[in-house]
Every structure is written in C-alpha cells, then in structure tokens.
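Asker: Quick one: the structure is below, questions incoming.
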Amino acid sequence: RIVSGVTLGSERLIAWAGEAPQLTVRPVGYTHDGGVIRRIDNFVSINSALEVDLFGQVNADMLKGRQLTGTGGAVDMMRGAALSGGGRSIVALSATADGGKVSRIVAALGPHTAATALRTDVDYVVTEYGARRIRHLPVAARAQALIEIAHPDFRAGLRDQWSEWTRG
C-alpha cells in the first residue's frame with residue numbers, strides 16, 4: 001500500500017497514479033501527522049539540509065539570512081520517525097557548497113539563520129565522508145562526530161573553533 005500527499009512527475013506517472021488501486025492520496029494533515037507516522041514501524045525520514053552545525057541543529061531553508069524555501073514537512077517527518085517503533089531520522093547533505101569553498105558542516109548557524117530542526121530531532125547525519133548517529137550523544141561527542149564527516153579540508157578549522165569555545 002502506498003500513501004502519498006502529492007504526485008508529481010511525467011504524464012505516464014500521473015496516469016498510473018489515477019488508476020493505481022494500491023495508491024491513496026491523502027492531505028498533508030494526514031501524511032505528516034505524528035500519530036499516523038508512529039503506527040508505521042521502522043519509519044525512516046530522509047531530509048536534506050543546507051548546513052548542520054556542531055550542535056546538530058539543521059538549517060534547511062535559509063542562506064545568508066534570507067529564506068530560500070519553506071521548511072516543508074522535514075520536522076514533522078523527523079518527529080514522526082522518533083515516535084515510530086524502530087524509526088529513525090536521517091539528514092543527508094553534501095559536505096561542501098560553492099564548488100568546495102564552503103563547508104556545510106559549520107561550527108554554528110549564522111547570526112541571521114533560524115534552525116529548521118532542533119538538535120533533538122536528528123538521529124543520523126550523512127555526507128559523502130560518512131554517517132554518524134548523533135542522537136543522545138553529549139554535546140562534545142556530537143561535535144566530534146560531525147567534524148569526522150565534514151570535508152577533510154575543513155575539519156581542523158572546525159576543531160579549532162570548537163576548542164576555542166570549550167576552553168571558555
């Protein structure tokens with residue numbers, strides 16, 4: 001059985017969706033409802049992000065203080081996954097942006113950047129350099145785990161920034 005909130009794609013896909021008995025289209029109030037998601041064992045949410053800071057906070061919709069997109073259902077899916085028996089949430093992003101000039105694992109979200117998802121909403125963060133489970137890690141271990149999956153060119157700088165903050 002397939003439940004979807006929207007069907008986007010080719011004419012062939014739309015035609016199939018209109019005839020498929022295994023497909024049910026429901027409103028977002030249903031597809032994103034934590035009470036509905038929690039009934040799906042092992043539910044996995046996979047969301048993208050623009051950046052993740054060393055605390056595990058996710059920015060998925062702002063760049064340089066400007067909102068680029070809406071938050072969509074990312075947080076609904078993450079929280080639904082947390083309620084699901086065996087569920088987990090994954091944030092996947094490339095380690096760099098701007099042709100490798102900018103790290104997407106950052107020390108902290110910028111001063112004019114709101115967090116899309118809280119650090120408590122994320123189980124795993126994945127880049128092309130690995131995957132780390134950060135849920136329930138103490139703050140310092142969380143930072144270390146995220147530095148490990150940052151692009152190698154940015155790891156030392158992230159470590160230095162973290163050390164500077166924690167020296168107090």
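Okay, residues lined up against (1) in contact (Cβ under 8 Å) with a residue 60 or more places away in the chain; (2) closer than 28 Å to Ala82 by Cβ:
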{"position": "Pro111", "(1), (2)": "no, no"}
{"position": "Ala117", "(1), (2)": "yes, yes"}
{"position": "Val126", "(1), (2)": "no, yes"}
{"position": "Arg132", "(1), (2)": "no, yes"}
{"position": "Glu148", "(1), (2)": "no, yes"}
{"position": "Arg155", "(1), (2)": "no, no"}
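Asker: Of the conditions (1) within 16 Å of the chain's Cα centre (by Cα); (2) touching a residue at least 40 places away in the same chain (Cβ under 8 Å), Arg38 fails just one. Which one is it?
Answerer: Only one criterion in (1) within 16 Å of the chain's Cα centre (by Cα); (2) touching a residue at least 40 places away in the same chain (Cβ under 8 Å) is unmet by Arg38, namely (1).
Asker: Quick check on Arg88: is it more than 10 Å from the chain's Cα centre (by Cα) and without any contact (Cβ under 8 Å) to a residue 12 or more places away in the chain?
Answerer: Taking the combined requirement at face value, the residue does not satisfy it.
Asker: Given (1) polar (S, T, N, Q); (2) in contact (Cβ under 8 Å) with a residue 40 or more places away in the chain; (3) open to solvent by 40 Å² or more (accessible area, probe 1.4 Å), identify the lone condition not met by Gln67.
Answerer: (2)
Asker: Residues to consider are Ala92, Ala81, Ala97, Ala60; find the one that is hydrophobic (A, V, I, L, M, F, W, C) and over 27 Å from Arg155 (Cα atoms).
Answerer: Every option except Ala81 fails the conditions.
Asker: Please go through region 10-38 and give me each residue that is open to solvent by 80 Å² or more (accessible area, probe 1.4 Å), touching a helix residue (DSSP H, G or I) at 6+ places or on another chain (Cβ under 9 Å) and more than 18 Å from Gly72 (Cα to Cα), ordered by number.
Answerer: Arg38
Asker: Conditions: (1) modelled with pLDDT of 95 or more; (2) within 30 Å of Asp41 (Cα to Cα). Ala74 meets all but one. Number of the miss?
Answerer: Of (1) modelled with pLDDT of 95 or more; (2) within 30 Å of Asp41 (Cα to Cα), only one is false for Ala74: (1).
The values are calculated or read from the model by the stated rules, or taken from the named source; none is laboratory data. As the structure is a computational prediction, the values presented were derived from the model and not from experiment. Virtual Cβ from ideal backbone geometry, glycine too; neighbours counted across all protein chains shown. What goes into the accessible areas is simple: the full protein's heavy atoms, side chains included, and nothing from ligands, DNA or RNA. Shrake-Rupley method; radii C 1.70, N 1.55, O 1.52, S 1.80 Å.
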